[in-house]
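Heads up, the thing below is written out as structure tokens.
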């Protein structure tokens with residue numbers, strides 16, 4: 001079961017400031033292990049975020065996003081108490097969705 | 001006989017449109033819609049840009065690209081892009097000297113700020129490009145990041 005995301009969503013005026021820390025190995029497929037074998041690629045390919053039934057962020061990622069990705073974005077239309085949901089999908093078909101309440 | 005002839009003619013005309021499209025560069029934009037992941041496989045900056053539908057871009061001072069001048073650890077280089085260009089629809093981050101240049105492409109829906117921050121791997125000292133698609137065209141800025149310890153695990 002993939003690591004849960006740590007999501008912080010805070011009102012900054014009328015803008016929701018979102019900071020996310022995801023747990024993911026983000027393996028490029030170009031790294032070699034101790035025996036000299038290529039470690040297969042395994043990385044997040046897409047991230048989406050929804051608030052109040054609306055997509056507020058959609059991103060396509062490649063393997064060069066750093067391991068344990070940090071991601072921040074900001075949007076209008078959310079208010080204190082609303083729920084923000086973030087989903088990622090990776091190259092193995094794994095997916096993870098986490099939710100937070102906007103503060 | 002009629003259905004197969006019609007089908008043959010339709011297919012032939014589609015193929016010739018595709019051929020024309022390929023010649024004019026239109027095909028790359030259609031290919032992006034059909035397979036947005038192809039852009040992440042590109043090993044050349046122009047190809048990566050073409051795969052996200054970009055064939056020309058204008059430099060803009062209205063894109064604030066924040067990167068460190070020197071990254072001690074190329075595996076974790078912070079990148080922040082903020083666009084004050086009206087009608088910003090997407091922000092893409094590309095690392096010129098990486099084996100695959102395209103790092104990420106962020107869609108900016110209505111109501112979302114044209115702002116993203118993340119961390120990327122930078123293999124060696126390189127230009128980092130921020131490419132911003134707007135309703136008025138595609139704009140660009142870039143900054144060099146000096147890397148002392150390469151970021152691709154090599």
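The values are calculated or read from the model by the stated rules, or taken from the named source; none is laboratory data. None of the values given here were measured: they were computed from a predicted structure. When we count neighbours, we look across all protein chains shown, and the Cβ atoms used for this are built from the backbone with ideal geometry, even at glycine.
Right, residue B:151: modelled with pLDDT under 95, surrounded by 17 or more Cβ atoms within 10 Å (Cβ to Cβ), at positive phi and in a loop (DSSP other than H, G, I, E, B) or not? No. No other residue among A:16, A:86, A:25, A:10 is within 10 Å of chain B (Cβ to nearest Cβ) and either modelled with pLDDT of 95 or more or in a strand (DSSP E or B) (or both) apart from A:16.
Would you call residue B:50 away from chain A (no Cβ under 12 Å) and assigned to a helix (DSSP H, G or I)? When the stated conditions are applied, residue B:50 passes them.
Of the residues screened, residue A:46 is one that is touching a strand residue (DSSP E or B) at 6+ places or on another chain (Cβ under 9 Å), surrounded by fewer than 18 Cβ atoms within 10 Å (Cβ to Cβ) and either facing chain B (nearest Cβ under 7 Å) or under 27 Å from residue B:41 (Cβ atoms) (or both). Filtering the stretch A:49-65 to residues that are over 15 Å from residue A:19 (Cβ atoms) and either at the interface with chain B (Cβ under 9 Å from one of its Cβ atoms) or out of contact with any strand residue (DSSP E or B) (no Cβ under 9 Å at 6 or more places or on another chain) (or both) leaves A:53, A:54, A:55, A:58, A:60, A:61, A:62, A:63, A:64, A:65. Kindly evaluate residue B:79 against the criterion of being over 14 Å from the mean Cα position of the chain (by Cα), more than 9 Å from chain A (Cβ to nearest Cβ) and either surrounded by fewer than 24 Cβ atoms within 10 Å (Cβ to Cβ) or in a strand (DSSP E or B) (or both). Spelling it out, residue B:79 is indeed over 14 Å from the mean Cα position of the chain (by Cα), more than 9 Å from chain A (Cβ to nearest Cβ) and either surrounded by fewer than 24 Cβ atoms within 10 Å (Cβ to Cβ) or in a strand (DSSP E or B) (or both). Taking (1) modelled with pLDDT under 95; (2) part of a strand (DSSP E or B) in turn, residue B:145 satisfies each apart from (1).
For the stretch A:48-73, which positions are closer than 18 Å to residue A:91 by Cβ and assigned to a strand (DSSP E or B)? Within the stretch A:48-73, A:48, A:58, A:59, A:60, A:61, A:65, A:71 qualify.
In the stretch B:94-128, the qualifying residues are those that are over 15 Å from the mean Cα position of the chain (by Cα) and not in a strand (DSSP E or B), and the one that is farthest from the other protein chains (Cβ to nearest Cβ) is B:125. Going through the stretch B:58-75 one residue at a time, which ones are under 21 Å from residue B:146 (Cα atoms) and buried (at least 17 other Cβ atoms within 10 Å of the Cβ)? Across the stretch B:58-75, the qualifying residues are B:63, B:65, B:67, B:71, B:74, B:75.
Within the stretch A:93-103, the set of residues being touching a strand residue (DSSP E or B) at 6+ places or on another chain (Cβ under 6 Å) and in a loop (DSSP other than H, G, I, E, B) comprises A:102, A:103.
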